[in-house]
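In what follows, a structure is listed as structure tokens, so that the remarks can point back to it.
Please treat every number below as a calculation from the coordinates, not as lab data. Small disclaimer: the values here were computed from a predicted structure and weren't measured. So basically every Cβ, Gly included, is an ideal-geometry build from the backbone, and we count neighbours across all protein chains shown.
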Amino acid sequence: MELNYYDKNAQSFFNDSVNINLDDLYGTFLSPLDKGAHILDAGCGSGRDSKVFINKGYKVTSFDSSAELVKLASKHIGIQVKLMDFSQLDENNTYDGIWACASLIHVPENKLFGSIILLKNALKKNGIMYISFKYGEEERSIDGRRFTDMNENNINELVSRIHELKIIKTWITPDKRPGKKDKWFNVLLNKSPLQY
């Protein structure tokens, strides 16, 4: 199970991920947001991205489902990270932006639709959401972790069933971790008011 993996390997995961530079992704996500906008870092891991957003002048709320990562991330960011998973998100129209970088990859495919609905509900009208997956169409387990991959067809089909949510763009980037050859599938979405 993912929680056991991340709780047992929290320090090594933190060390391997906390200094990865994602400036190109940050720029795409942040450009539509006003300074001081409220961002939810959903599945924040090491807290790397939350710290960047705070340093850039944004208000940030962060959560992760690993108790050990929550401790490390809270210390790194300087704010208390919430211990919760996607299924516990019950806010409405709260955030200007939602950042779910490499976190929805651990949600089983049959629960992905519901998780994205909860994220969409927590997003304000005209809000921006960034999500990313490993590029592909498999659902697999490796070393006690479950992975749900995504590609253009899968995400288009999924988002087409979610009222108010629209895909702005999708793009593929190489893995920035040393020695890793995965391709990452990036998706930028917008929540717009329903049209009648």
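Odds and ends about this structure:
- Each Lys and Arg Cβ is given +1 and each Asp and Glu Cβ -1; about its Cα centre, the chain then shows a dipole of about 440 debye.
- Computed E for Lys166/Ala102 - FRET, C-beta separation, R0 30 angstrom, nearest 0.05: 0.85
- Theoretical gain in end-to-end length, Glu157 to Asp182 [0.36 nm per residue, Cα-Cα removed]: 6.7 nm
- Reference-scaled alpha-carbon Rg (2.2 N^0.38 Å with N residues) for the chain: 0.96
- A simple count of charges around Val187, restricted to other residues whose Cβ falls under 12 Å of its Cβ and scoring Lys, Arg +1 and Asp, Glu -1, yields +1.
- Over 21 Å (Cα to Cα) - which of Lys56/Lys181; Lys59/Lys176; Lys111/Lys166; Lys35/Lys134 fall in this group: Lys56/Lys181; Lys59/Lys176; Lys35/Lys134
- Mean residue ellipticity at 222 nm, helices only, the chain: -9500 deg cm²/dmol; runs of at least 4 DSSP H residues each add -39,500 (n - 2.57), and the sum is divided by the number of residues.
- Taking the stretch 4-47 and a reference point 7 angstrom along Cα→Cβ of Arg146, the backbone N atoms nearer than 14 Å belong to 4-5.
- Taking Cβ atoms as reference points and 9 Å as the exclusive limit, the residues near Phe147 contribute a net charge of +1, counting Lys and Arg as +1 and Asp and Glu as -1.
- Entry note, the chain: relative contact order of 19 percent, from Cα contacts under 8 Å with a spacing of 6+ residues.
- Kirkwood Rh and Cα Rg combined as Rg over Rh, evaluated for the stretch 152-193: 1.12
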